[in-house]
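The values are calculated or read from the model by the stated rules, or taken from the named source; none is laboratory data. As the structure is a computational prediction, the values presented were derived from the model and not from experiment. Note that each Cβ is placed from the backbone with ideal geometry, even for glycine, and that neighbours are counted across all protein chains shown. Ligands, DNA and RNA are excluded from the accessible area calculation, which covers all protein heavy atoms including side chains. Shrake-Rupley method; radii C 1.70, N 1.55, O 1.52, S 1.80 Å.
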Amino acid sequence: MDAELTALAEAHGVATWYEDWQRQRRDVSDESVVGVLRLLGVDATSPAAVQRALATVRSAREQHQLPGTVVVRAGTTQPLAEPGTIVFEDGTTREVTDVPADLPLGWHRLRSGGQDVTLVVVPPRLPEPPEAWGWMVQLYALHSAASWGLGDLGDLRTLVEASHGAGLVLLNPLHAVTPTLPVPASPYSPSSRRFSNPLYLRVADTAAYRAADPELRARVDALRPEPPADALIDYSAVWQAKRDALELLWPLAGEVDLDADPGRTDFAVFCVLAEEHGADWQKWPEPLRRPDGPEVRAARQSDRVAFHVWLQQLLDEQLDAANNAARAQGMSVGVVHDLAVGIDPSGADGWLLQDVLAAGVHAGAPPDAFNQLGQDWGLAAWRPDQLVATGYAAYRDMLRRIFRHAGGLRVDHVAGLWRLWWVPPGMGPAEGTYVRYDPDAMLGILALEAHRAGAVVVGEDLGTVLPVVTETLEDMNMLGSAVLWFTKDYEEDPDEGYLPAARYPRNALATISTHDLPTAAGFLIGEQVKVRAELGQLTGPVEQERAYADKDRAQLLARLTDEGLISATSTSEEIVLAMHEFLARTPCRLVAASLYDVLGEVDQPNLPGTTDEYPNWRQPLHTSLEELVADPRVARVADILNTKKGRS
């Protein structure tokens, strides 16, 4: 690659090469680099354009300009080219010649050299997380006599109240969807990560339902959807039923203040416009494609906007009720939410936050052993330069809104806070490249907002990640992830046997599996090979994949035998219990037991690489919530984990 193009790419955090899954150097094409630079507002389409862009970079450096956001760790100093004034959150000021080490944590302003920029003072690390165990739950998969077609926040509260001494409940993302039909099933492609999904509301737990007369209640109750014939969750039917029920109750809602939370009202405006013009804002009439346009402002004062604001208020109330139940149970962590890696670019955040997103880019992953063409997740990506220019306000707002209702946060693909694979428009996933973010800012702001909320942070750092990711998480008292299926002795055992429990990392959340991997029961019978073979998803011959699965299972059974947890006559149910006992023996601060594993479910919630071929995110548990809380298998796993990881 031309040296000047390489220098320009480096200046803007765009990788010109990367190390692949085989630890081999892979050069990125000029076309990909130029395409990604274009998404960052940099013209690199000709040698002259590259030279002009480099001159702009050099000029900014020579002028010693401050970036739009300065992030410092508390207890450290940072030099300033000129004296300045710090304006603190409380409005007080301080004259400085540098950024001093004794500043309070928070969001301040720094005025220096004619500039006025955001100054964020972040904690060097979070307090040590408690030692605890808990349940890992796909909330939609719960079902009870009181819920309508999928698990809801009332079911969550019931589970928390009957949690057998657990210290946490880890959920799938509850992010908002666009309220149009059909409703997408995946919780990892949300319309907005800043607001919540009204499908999880329990209609009967609203003040309006309680205030309704018997006749109105009967009309509402009659809307409850019948279970589908194929026993799969029908998200669209659930939304239609709950929407209609809530519309009946809307006259009893009372006054809604549209000015109390402007961001929430903005989201409600999107919902209304989506109902009128379709789910994809990029196809709306031109005057509506900017949220700050006059036609959009005129749409704010409407009854329908107030209705969607009310839905978010109800979600806040029911999320608060679940968190209050967790505190009443003495949970040391509480409800742990899951942060998806990105958003659907056609959804609410794609519209409202378009100025800090890279237009047209899709986040994904480079080619690896399992996805040789790379992955295009179809998700929008932050523009790192615009985050800096806007004081990371959108990122901060997202975290604050989630932490209002969370005792902890799991960050999906946490390596994306360092770098993210961008696929430019019109190119395939393998033709993308990495774009670098400022981890000191991304991790520091995450730590600041978690600190203020008193919350725990778990980073999903599975697969091939840079060593600095896991090292930094540990340094900041954020937990990594230790999944039994992946935790093998790669360095010392030539056969890659499973790591002994005593050698698991301390700063981690330990689980048997994840939503994208085989359940415990499925693993023991090789279900992952059977299903992929039936769907044509295997990359090699069936016999080869089956032999690998058999070897993997034998290695795990050998490890459990060596630990004295099973014998040659152990049943499958006893082996699953032994897996939980194994995790309880690890030094990991947190351990989570998935209800899929505890209840012997064979089918995994999601099968990566499939869409309609597999019922991703649509399979309810075979056990009702009423049966679950009284199930002896649940009690046995709780006894095991309480003995080793329970509250003292």
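When a 1.4 Å probe is rolled over the protein heavy atoms, the share of accessible surface on region 514-648 that falls to carbon and sulfur comes to 51 percent. Along the axis of the charge dipole computed for the chain (Cβ charges of +1 for Lys and Arg, -1 for Asp and Glu, origin at the Cα centre), the listed residues V469, L142, S570 are led at the positive end by V469.
Measuring nothing but protein heavy atoms, the accessible surface of region 361-507 at 1.4 Å probe radius is 50 percent carbon and sulfur. In a DSSP loop and with at most 15 other Cβ atoms within 10 Å, the trypsin sites (Lys or Arg not before Pro) in region 371-440 are R404.
Quick check on my link table: of K530/K644; K242/K283; K242/K644, which ones sit more than 31 Å apart, alpha carbon to alpha carbon?
Values: K530/K644 35 Å; K242/K283 27 Å; K242/K644 42 Å.
Result: K530/K644; K242/K644 exceed 31 Å.
Using the charge dipole of the chain (Lys, Arg: +1 at Cβ; Asp, Glu: -1 at Cβ; taken about the Cα centre), state which of L319, G278, G13 has its Cα farthest towards the positive end. The residue sitting farthest along the positive end of the dipole is L319.
Given axes a ≥ b ≥ c from the Cα gyration tensor, I'd like to know whether region 194-277 is rounded (a/c under 1.5), prolate (a/b larger than b/c) or oblate. Verdict is oblate for region 194-277. Given their separation in residues at 0.36 nm each and the Cα-Cα distance between them, D550 and D639 gain 29.0 nm when the chain is fully extended. Summed over qualifying helices (DSSP H, 4 residues or more, each -39500 (n - 2.57)) and divided by its residue number, the chain shows a 222 nm mean residue ellipticity of -11000 deg cm²/dmol. Say a site is exposed when it is one of the GluC sites (Glu not before Pro), sits in a DSSP loop, and has at most 10 other Cβ atoms within 10 Å; what is then the longest site-free stretch of the chain? With GluC sites (Glu not before Pro) excluded where exposed in loops, the chain gives 1-254 as its longest stretch. Annotation: amide H of R73 within the under-5 Å range of V122, sequence separation 5 or more or interchain, hydrogens built in the peptide plane. The alpha carbon gyration tensor of region 337-476 gives principal lengths a ≥ b ≥ c with a/c of 1.5 or higher and a/b no greater than b/c, which makes the shape oblate.
Every pair of different Cα atoms in region 423-528 enters the Kirkwood calculation, which places the hydrodynamic radius at 16.5 Å. When the chain is described by a simple charge dipole with +1 on each Lys and Arg Cβ and -1 on each Asp and Glu Cβ, the residue from L484, L156, V457 located farthest towards its positive end is V457. Solvent exposure of the chain amounts to 42 Å² per residue of accessible area, where only protein heavy atoms count and the probe is 1.4 Å. Restricting the trypsin sites (Lys or Arg not before Pro) of region 10-110 to loop positions (DSSP other than H, G, I, E, B) with no more than 16 neighbouring Cβ atoms within 10 Å leaves R23.
In terms of the Cα gyration tensor, with a ≥ b ≥ c the square roots of its eigenvalues, is region 251-408 rounded because a/c is under 1.5, prolate because a/b exceeds b/c, or oblate? Oblate.
Computed over the Cα atoms of the chain, what is the ratio Rg over Rh, Rh following Kirkwood? In the chain, Rg relative to Rh is 0.96.
So for the chain: antiparallel DSSP bridges make up what percent, rounded to the nearest 5?
55
For the pair region 298-319 / region 71-131, the C-alpha centres are spaced 36 Å from each other. Counting only protein heavy atoms and using a 1.4 Å probe, what share of the accessible area of region 296-344 belongs to carbon plus sulfur, as a whole percent? Carbon with sulfur: 46 percent of the solvent-accessible area.
Derived from the Cα gyration tensor, the three semi-axes of the equivalent ellipsoid of region 131-237 are 24, 19, 14 Å, largest first.
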